[in-house]
Amino acid sequence: MHTISFTKHADITHFEIDGNELVVGGKRVSALAELAEGRPFYVYDHKIMQSKVELLRKHLPASVKLHYAIKANSMPEVVEFMSGLVDGLDVASARELNVAAKTNTPRDEISFAGPGKQPEELRAAIEHGIVINCESPTELKRIDEIARELSKKPLVAIRVNPDFQLQNSGMKMAGGPQQFGIDAETVPDVLESMKDMHLTFHGFHIFSGSQNLSHEAIIESQNKACELAERLAEFAPAPVRMLNIGGGLGVPYFPGEKPIDVAPIGKHMHALATSMKKRMPTAQLMIELGRFFVAESGVYICRITDKKVSREHTFLVCNGGLHHHLAASGNFGQILRKNYPVCIATQMTTSETTKASVVGPLCTPLDLLASKMDLANCDIDDLVAVFQSGAYGYSASPHYFLSHPSPREIFL
Ligand SMILES: *Cc1c(COP(=O)(O)O)cnc(C)c1O
């Protein structure tokens with residue numbers, strides 16, 4: 001392994017270099033570019049995904065289940081591989097459900113969350129026998145109706161919009177008014193209404209935020225989720241079988257960010273699991289993670305097709321950009337644009353650098369992969385790498401915007 005240093009970012013230490021080239025999954029980027037037939041591409045190294053799951057398993061108690069939230073990266077090969085490492089999968093649409101259903105994951109370890117599930121999606125979920133994380137009283141009524149029609153008793157968990165927030169979280173998805181889940185204070189009435197419904201109460205889903213690098217914040221949110229579940233369980237029509245306390249573990253993307261320290265989270269979860277065994281003996285604890293497992297395994301690669309200087313500023317114009325990698329362009333929920341870790345993948349040992357901006361082919365100044373970064377001297381035909389791209393890259397980008405070709409995905 002080789003350390004790729006960025007002046008202000010955390011170092012990337014999980015890839016190799018061969019000659020002047022970046023190597024991913026044992027292949028030089030120039031060879032990978034040929035595999036991609038000249039298109040920009042994402043490449044994912046399975047060994048890095050595996051090491052992230054192993055890291056977490058090493059620290060967490062064996063009794064806590066791990067789920068992979070496949071919206072982070074829903075490439076079928078990735079989902080298939082991840083399904084062999086984790087205990088379950090979380091899906092957010094019928095298409096993701098179809099991908100998950102092709103794996104050997106037990107049906108009651110696939111869960112379906114998300115506001116606005118369509119009646120056809122609920123029907124598919126009930127037919128497959130997966131867990132539905134219910135997001136509203138209307139949805140609960142629809143589930144009951146479809147279940148009666150199909151003469152099936154679906155496993156239904158209540159997604160709770162908690163009365164707390166995950167501090168320092170990159171994306172707030174809980175606390176205050178939200179489109180997600182059912183407000184904690186109205187959950188007792190909803191639980192009461194489930195008593196006469198054609199379904200099996202499965203438990204609670206309490207997700208309080210995403211992309212957090214503070215172990216203190218994660219520990220606090222786990223404690224609060226367990227306390228909330230304990231309070232709500234008193235109103236439940238049956239014992240809580242599954243208690244999903246969310247995830248939220250982040251990865252470093254931007255200058256100054258450091259990897260999250262998993263050891264204290266593991267230590268805390270050992271104590272928490274022991275305490276919950278007494279407080280809620282029927283409840284199986286689980287956490288759900290997307291980016292923590294897959295972000296670091298992926299690199300996005302595109303080619304420099306023009307190099308120009310505009311009023312003393314160097315622009316490296318590439319055949320890929322925002323339409324392939326919205327998050328790296330800074331337009332996926334970021335308030336202040338910051339550079340992802342970017343380097344010239346075919347000039348890895350070139351020490352002379354130039355300050356340059358990496359842009360894509362779109363007719364908008366938003367199409368920016370790196371702004372005024374110190375990059376190795378390079379030219380037309382060199383390849384650009386964007387690291388930390390295995391999550392919310394391909395799956396979260398507007399491929400059709402301006403109708404350029406889509407990127408390829410390579411799983412190694
Ligand atoms: C998106 C999402 C996740 C995954 O978030 P990551 O930041 O990728 O770990 C987990 N749970 C729910 C409910 C989500 O919506």
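One residue stands out among those in the stretch 96-115 that are touching a Ser or Thr at 6+ places or on another chain (Cβ under 8 Å) and either open to solvent by 30 Å² or more (accessible area, probe 1.4 Å) or not β-branched (Val, Ile, Thr) (or both): the one that is nearest to the ligand (Cβ to nearest atom), which is 114.
Regarding the stretch 164-180, can at least one residue be identified that is open to solvent by less than 10 Å² (accessible area, probe 1.4 Å), out of contact with any Ser or Thr (no Cβ under 8 Å at 6 or more places or on another chain) and either closer than 21 Å to residue 207 by Cβ or not in a loop (DSSP other than H, G, I, E, B) (or both)? Steps first, please.
At the first step, the residues of the stretch 164-180 found to be open to solvent by less than 10 Å² (accessible area, probe 1.4 Å) are 166, 174-175.
Okay, now just the ones that are also out of contact with any Ser or Thr (no Cβ under 8 Å at 6 or more places or on another chain), so none.
Looking through the stretch 164-180, none of the residues is open to solvent by less than 10 Å² (accessible area, probe 1.4 Å), out of contact with any Ser or Thr (no Cβ under 8 Å at 6 or more places or on another chain) and either closer than 21 Å to residue 207 by Cβ or not in a loop (DSSP other than H, G, I, E, B) (or both).
Here the stretch 268-299 is the region considered, the condition is being within 16 Å of the ligand (Cβ to nearest atom) and among the β-branched types (Val, Ile, Thr), and the residue that is nearest to residue 66 (Cα to Cα) is 287. Take the conditions (1) without any contact (Cβ under 8 Å) to a residue 60 or more places away in the chain; (2) within 12 Å of the ligand (Cβ to nearest atom); residue 76 misses just one of them, which is (2). Restricting the stretch 203-217 to residues that are in contact with a strand residue (DSSP E or B) (Cβ under 6 Å, 6 or more places away or on another chain) and not polar (S, T, N, Q), which is nearest to the ligand (Cβ to nearest atom)? Only one residue fits best here, namely 205. In the stretch 124-144, the residues that are open to solvent by 10 Å² or more (accessible area, probe 1.4 Å) reach residues that are more than 16 Å from the ligand (Cβ to nearest atom) and not in a helix (DSSP H, G or I) with C-beta atoms within less than 8 angstrom, at least six apart or across chains, in these pairs: 127/152; 129/152; 129/154; 129/155; 144/197; 144/198; 144/199.
Residues that are touching a strand residue (DSSP E or B) at 6+ places or on another chain (Cβ under 8 Å), touching a residue at least 24 places away in the same chain (Cβ under 8 Å) and within 14 Å of the ligand (Cβ to nearest atom) within the stretch 176-202 comprise 180, 181, 182, listed in sequence order.
Of all residues in the stretch 349-366, those satisfying the criterion of being open to solvent by 40 Å² or more (accessible area, probe 1.4 Å) and touching a residue at least 24 places away in the same chain (Cβ under 8 Å) are 349, 351, 352, 353, 354, 355, 361, 363, 366. Checked against (1) touching a residue at least 12 places away in the same chain (Cβ under 8 Å); (2) assigned by TED's automatic domain parsing to the domain that holds residue 318, residue 23 passes all but condition (1).
Name the single residue, out of those in the stretch 90-125 being β-branched (Val, Ile, Thr) and within 24 Å of residue 284 (Cα to Cα), that is nearest to the chain's Cα centre (by Cα). Give the steps one after another, and end with the answer.
Of the residues in the stretch 90-125, the ones β-branched (Val, Ile, Thr) are 91, 99, 103, 105, 110.
Pick out the ones that are also within 24 Å of residue 284 (Cα to Cα) and you get 91, 103, 105, 110.
Numbers: 91: 11, 103: 19, 105: 19, 110: 16 Å.
Looking at residues that are β-branched (Val, Ile, Thr) and within 24 Å of residue 284 (Cα to Cα), I get 91.
Can you find a residue that is in contact with a Pro (Cβ under 8 Å, 6 or more places away or on another chain) and of a type outside the set (Asp, Glu) anywhere in the stretch 96-119? Quick ask: steps written out before the conclusion?
As a first pass, look at the stretch 96-119 and keep what is in contact with a Pro (Cβ under 8 Å, 6 or more places away or on another chain): 99, 102.
Applying the additional criterion that residues be of a type outside the set (Asp, Glu) yields 99, 102.
Among the residues of the stretch 96-119, at least one is in contact with a Pro (Cβ under 8 Å, 6 or more places away or on another chain) and of a type outside the set (Asp, Glu), which makes the answer yes.
Of the residues making up the stretch 220-234, those that are under 16 Å from residue 268 (Cβ atoms) and open to solvent by 30 Å² or more (accessible area, probe 1.4 Å) are 220, 223, 224, 227.
Can you tell me which residue within the stretch 341-394, out of those that are within 21 Å of residue 37 (Cβ to Cβ) and of a type outside the set (A, V, I, L, M, F, W, C), is farthest from the ligand (Cβ to nearest atom)? Top of the filtered list is 381. Only residues that are open to solvent by 30 Å² or more (accessible area, probe 1.4 Å) and within 16 Å of the ligand (Cβ to nearest atom) were counted in the stretch 257-267, giving 2.
Within the set 291, 303, the sole residue that is modelled with pLDDT of 95 or more, under 26 Å from residue 53 (Cα atoms), of a type in the set (D, E, K, R) and touching a strand residue (DSSP E or B) at 6+ places or on another chain (Cβ under 9 Å) turns out to be 291.
For every residue, the table says whether it meets (1) closer than 23 Å to residue 4 by Cα; (2) under 27 Å from the mean Cα position of the chain (by Cα); (3) open to solvent by 10 Å² or more (accessible area, probe 1.4 Å); (4) touching a residue at least 24 places away in the same chain (Cβ under 8 Å).
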{"residue": "324", "(1), (2), (3), (4)": "no, yes, no, yes"}
{"residue": "327", "(1), (2), (3), (4)": "yes, yes, no, yes"}
{"residue": "333", "(1), (2), (3), (4)": "no, yes, yes, yes"}
{"residue": "338", "(1), (2), (3), (4)": "yes, yes, yes, yes"}
{"residue": "347", "(1), (2), (3), (4)": "yes, no, yes, yes"}
{"residue": "368", "(1), (2), (3), (4)": "yes, yes, yes, yes"}
{"residue": "373", "(1), (2), (3), (4)": "yes, yes, yes, yes"}
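The values are calculated or read from the model by the stated rules, or taken from the named source; none is laboratory data. Keep in mind that this is a model prediction, so the values were computed, not measured. Note that each Cβ is placed from the backbone with ideal geometry, even for glycine, and that neighbours are counted across all protein chains shown. Accessible surface areas use protein heavy atoms only, side chains included; no ligands, DNA or RNA. Shrake-Rupley method; radii C 1.70, N 1.55, O 1.52, S 1.80 Å.
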